[in-house]
1. Out of all the residues in the range 179-213, which are hydrophobic (A, V, I, L, M, F, W, C), closer than 18 Å to residue 231 by Cα and surrounded by 18 or more Cβ atoms within 10 Å (Cβ to Cβ)?
2. Those residues that are within 20 Å of the chain's Cα centre (by Cα), part of a helix (DSSP H, G or I) and not polar (S, T, N, Q), I need them from the range 225-239; list them, please.
3. Looking at 145, 90, can you tell me which residue is over 28 Å from residue 189 (Cβ atoms) and either surrounded by fewer than 19 Cβ atoms within 10 Å (Cβ to Cβ) or among the aliphatic types (A, V, I, L, M) (or both)?
4. Could you list, in sequence order, the residues of the range 293-314 that are more than 29 Å from residue 208 (Cβ to Cβ), surrounded by fewer than 22 Cβ atoms within 10 Å (Cβ to Cβ) and at pLDDT 95 or above?
5. Just checking, which of 14, 49, 61 is surrounded by fewer than 13 Cβ atoms within 10 Å (Cβ to Cβ), among the acidic types (Asp, Glu) and either under 30 Å from residue 332 (Cβ atoms) or touching a helix residue (DSSP H, G or I) at 6+ places or on another chain (Cβ under 9 Å) (or both)?
6. Of the residues that sit in the range 265-282 and are surrounded by 18 or more Cβ atoms within 10 Å (Cβ to Cβ) and among the aliphatic types (A, V, I, L, M), which one is nearest to residue 246 (Cα to Cα)?
7. If I ask for residues that are of a type in the set (Gly, Ala, Ser) and either under 26 Å from residue 237 (Cβ atoms) or free of Cβ contacts under 8 Å to residues at least 24 places away in the same chain (or both), which ones from the range 19-57 would you list?
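The values are calculated or read from the model by the stated rules, or taken from the named source; none is laboratory data. Fair warning: this is a prediction, and the values are worked out from it, not measured in the lab. FYI the Cβ positions are ideal-geometry reconstructions off the backbone, even for glycines, and counts take in every protein chain you see.
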Amino acid sequence: MSGFCGASGAGARDLHGFVAGLPKAELHVHQVGSASPRIVAELAARHADSRVPSDPEALADYFTFTDFAHFIDVYLSVVDLIRTPEDVRLLTYEVARELARQRVRYAEVTITPWSSTRRGIDERAFMDAIEDARTAAEADFGTVLRWCFDIPGEAGLEAAEETARLATDDRLRPAGLVSFGLGGPEIGVPRPQFKPYFDRAIAAGLRSVPHAGETTGPETVWDALTHLRAERIGHGTHSFRDPKLLAHLAAERIPLEVCPTSNIATRAVASLDEHPVKEFVRAGVLVTINSDDPPMFGTDLNNEYAVAARLLELDEQGLAALAKDAVEASFLDPAGKARLAAEIDTYTSGWLAN
């Protein structure tokens, strides 16, 4: 990414307008966590036994978190609303619609199939639902979706086994699947125990993208690199506490999937002004900006780019470089990367010429 620019230069232009039209890639966004208040309310109305409010306005209070553990509790209550293949298809297609609204041209969406299959959704029907939504969204919105299947760490090795099986069985594995991840709480959920499942996924051609260092220290990131062979790190927020780790991430071009507003909402970081993204960039680490669970955190990817512009004092060219870093860090094919990077360049040149 290009260097910092002066804050006065950034403020002299309509950066929000620029970001709104900027073609982007999103690499860290969760399927269930992307359910808008409208969709959550519709699902809650379908399933009246849920404790999730069916009033979109009441969801704002419901999505106010006291800490990371509370966030996980609320998140799982929304997961419980996804009970049928029709729910899965609706959610996935509407997430794509929201991404397209923000000019997201390519997204790697994290999906936790175990959360659905253990509730009785047929695994083949689940795969068909996400794939139908993916192909329809690309045709209708022009947004390309790919999947990351992740292990819900709090559910232990049973969930790890099931997720690995679904991700590596050629009869079930969806065409859009590109990577294998690990989410949920980090405290009390050591990364090394998941090594056999990541080994299987990697052997099947999937890329390794575990969460690490979000609410724990640099040692969790080292474990993800050493035991899970991580190619990108989900969050990596506390990597800044280990200069050797930052140097390693920079030298090996291992990207961090940074989600600033998420980190504040879950209390992983006390305030935006204290967010370590500045330290990552200064250390030469490849940084991508993402939204994580946007409606739950009252944000979207456009807002996260605006936050990054303020924290990193970026102008339009700096923001375009940030968008291109996400393309570079993605698992999009080389031709697709070239097309999207060119689209970003063309848009930026046209904006600056006006």
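1. Within the range 179-213, 180, 182, 194, 198, 201, 206, 209, 212 qualify.
2. Those that are within 20 Å of the chain's Cα centre (by Cα), part of a helix (DSSP H, G or I) and not polar (S, T, N, Q): 225, 238.
3. Checking each option against the conditions leaves just 90.
4. Those that are more than 29 Å from residue 208 (Cβ to Cβ), surrounded by fewer than 22 Cβ atoms within 10 Å (Cβ to Cβ) and at pLDDT 95 or above: 306, 310, 313.
5. Numbers: 49 fails: either under 30 Å from residue 332 (Cβ atoms) or touching a helix residue (DSSP H, G or I) at 6+ places or on another chain (Cβ under 9 Å) (or both); 61 fails: either under 30 Å from residue 332 (Cβ atoms) or touching a helix residue (DSSP H, G or I) at 6+ places or on another chain (Cβ under 9 Å) (or both).
Of the residues listed, the single one that is surrounded by fewer than 13 Cβ atoms within 10 Å (Cβ to Cβ), among the acidic types (Asp, Glu) and either under 30 Å from residue 332 (Cβ atoms) or touching a helix residue (DSSP H, G or I) at 6+ places or on another chain (Cβ under 9 Å) (or both) is 14.
6. Start the filter on the range 265-282 by keeping residues that are surrounded by 18 or more Cβ atoms within 10 Å (Cβ to Cβ), which leaves 265-266, 268-269, 275-277, 280-281.
In the following step, the residues that additionally are among the aliphatic types (A, V, I, L, M) were identified as 265, 268-269, 277, 281.
Numbers: 265: 24, 268: 19, 269: 18, 277: 12, 281: 10 Å.
Selected residue: 281.
7. Once the filter is applied, which keeps residues that are of a type in the set (Gly, Ala, Ser) and either under 26 Å from residue 237 (Cβ atoms) or free of Cβ contacts under 8 Å to residues at least 24 places away in the same chain (or both), the range 19-57 yields 25, 33, 34, 35, 36, 41, 45, 48, 54.
The rows are residues; the columns are (1) part of a helix (DSSP H, G or I); (2) more than 20 Å from residue 124 (Cβ to Cβ).
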site: 159; (1), (2): yes, no
site: 162; (1), (2): yes, no
site: 174; (1), (2): no, no
site: 179; (1), (2): no, yes
site: 182; (1), (2): no, yes
site: 192; (1), (2): yes, yes
site: 199; (1), (2): yes, yes
